[in-house]
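First comes the structure, then the notes that go with it.
The values are calculated or read from the model by the stated rules, or taken from the named source; none is laboratory data. Model, not experiment: these values are computed from the prediction. Because the Cβ atoms are built from the backbone with ideal geometry, glycine has one as well, and the counts that use them run over all protein chains shown. Calculation scope for accessible area: heavy atoms of the full protein, side chains included, ligands and nucleic acids excluded. Shrake-Rupley method; radii C 1.70, N 1.55, O 1.52, S 1.80 Å.
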Amino acid sequence: MDITRRNDDEQAARWNGPAGHAWVESQAVLDELFRPFEDLLVEAVVAEHGSQVLDVGCGTGSTTLAVARRTGARGRCVGVDVSEPMVTAARARADREGAQASFVLADAEDHAFEPASFDMVISRFGVMFFKDSVRAFANLRRAARDGAKLRFITWRAPAENPFMTTAERAAAPFMPSLPARRPDEPGQFAFADPDRVRGILEESGWTGGDLRPVDVPCVLPESELVRYFTRLGPLGLVLREADESTRERVVATVRAAFDPYVHGAEVRFTAACWTVGAQA
């Protein structure tokens with residue numbers, strides 16, 4: 001199996017397996033944790049007068065629905081994600097709200113979107129997992145009208161986001177099977193290098209690629225911290241395979257490693273990200 005096929009299979013298995021289900025089960029907590037980024041994208045849609053909006057890597061639909069509330073009956077908001085459990089959750093939320101939003105279960109890299117059908121493409125942490133980013137953004141460009149705007153938020157480097165790697169660093173002595181993060185491979189920090197991102201956008205047909213750093217304070221309830229690091233991220237993927245004794249040691253060690261971020265009933269950290277803009 002070649003590396004491209006393996007990456008594709010790994011991402012599909014991850015988001016349709018335990019990781020996807022964990023995100024659905026943690027939906028309310030994660031929505032609040034990442035609300036500041038959702039607000040940034042909603043503001044961008046409003047500022048650009050977007051009405052036909054595609055949300056890439058929409059997950060359980062929070063950002064798609066937030067945009068739909070702002071655009072109202074005049075708009076059309078479509079979320080796309082490869083995760084069946086998350087898309088199912090998103091569709092249920094839209095039904096409950098009666099929202100002007102729909103959700104597509106597909107890989108945005110090769111899904112046959114109607115050509116030139118969107119005037120804005122957005123994403124909150126959803127574009128770092130493509131096996132071929134140039135191909136994916138070229139496909140999104142075909143789905144966008146001439147002059148359409150692209151706005152997405154992605155993570156900067158791991159060194160700038162120590163909170164996001166605390167769990168795996170603390171657990172590493174106990175968990176040799178923890179997967180190593182590799183630059184430029186699909187994953188959370190795949191778009192950390194701004195020159196790489198600009199190159200992807202230019203090669204895929206987007207113009208005026210603009211990356212701006214944004215540092216956003218984030219808050220997680222302390223009561224959710226153990227659940228957060230034992231269910232999500234690289235540690236969450238491998239911890240379920242550990243024996244009970246190892247699990248107990250890992251949980252105690254990792255929880256202590258998060259102490260610098262704990263302030264009473266809250267866990268506070270700063271997310272170091274890029275806001276990225278371009279035009280079709």
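Data overview
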read-out	value
Test result for LYS131, surrounded by 15 or more Cβ atoms within 10 Å (Cβ to Cβ) and more than 23 Å from LEU65 (Cα to Cα)	yes
Residue pairs meeting the criteria (Cβ under 6 Å; at least 6 apart or on separate chains; first under 12 Å from VAL78 (Cβ atoms) and among the hydroxyl-bearing types (Ser, Thr, Tyr), in region 88-104; second open to solvent by less than 40 Å² (accessible area, probe 1.4 Å) and not in a loop (DSSP other than H, G, I, E, B))	SER102/VAL78
Residue identified as surrounded by fewer than 16 Cβ atoms within 10 Å (Cβ to Cβ) and either under 20 Å from the mean Cα position of the chain (by Cα) or within 27 Å of PRO36 (Cα to Cα) (or both) among ARG156, ARG169, ARG145	ARG169
For PHE229: the one exception among (1) more than 24 Å from ASP31 (Cβ to Cβ); (2) open to solvent by less than 70 Å² (accessible area, probe 1.4 Å)	(1)
Qualifying positions in region 227-280 - of a type in the set (Ser, Thr, Tyr) and in contact (Cβ under 8 Å) with a residue 40 or more places away in the chain	TYR228, THR246, THR253, TYR261, THR270, THR275
Region 82-100 - residue that is of a type in the set (Lys, Arg) and open to solvent by 60 Å² or more (accessible area, probe 1.4 Å) and, of those, nearest to GLN52 (Cα to Cα)	ARG91
Count - residues of region 227-257 that are part of a loop (DSSP other than H, G, I, E, B) and in contact with a helix residue (DSSP H, G or I) (Cβ under 6 Å, 6 or more places away or on another chain)	1
